[in-house]
Amino acid sequence: MEVLNIVDQQQPLDLEYDGDADVLYLSIGKPRRAVGVDIGDGLVVRYDELRQEVVGLTVIGLKRRLEKNLGSEPE
């Protein structure tokens, strides 16, 4: 079984939210080039193939999800 590193060393998280597109970009350390792997349900894992580690996560529709799941969805 191949090993997948999620966080090889402790690094600060870099967050960016695009309110117009309702997308949250989360990077482990500074954002860097990576392959996006759609894992379904509006989640995209960003993966550095050379280092074989996860370097970020993209959440599509974050505000919509929060409103729906926290019960504050407009009627």
Give the residues of the stretch 22-75 that are modelled with pLDDT under 90, out of contact with any Phe, Trp or Tyr (no Cβ under 9 Å at 6 or more places or on another chain) and closer than 15 Å to GLN11 by Cβ, sorted by residue number. GLY29, LYS30, ARG32, ARG51
What is the residue count in the stretch 61-74 for residues that are open to solvent by less than 50 Å² (accessible area, probe 1.4 Å) and not basic (Lys, Arg)? 2
Among the residues of the stretch 37-60, is there at least one that is of a type in the set (D, E, K, R) and open to solvent by less than 50 Å² (accessible area, probe 1.4 Å)? yes
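The values are calculated or read from the model by the stated rules, or taken from the named source; none is laboratory data. Remember, predicted model here, so these are calculated numbers, not experimental data. Counting neighbours? That spans all protein chains shown, and the Cβs are built from the backbone with ideal geometry, glycine included. Protein only, heavy atoms only, side chains kept; ligands, DNA and RNA dropped before computing areas. Shrake-Rupley method; radii C 1.70, N 1.55, O 1.52, S 1.80 Å.
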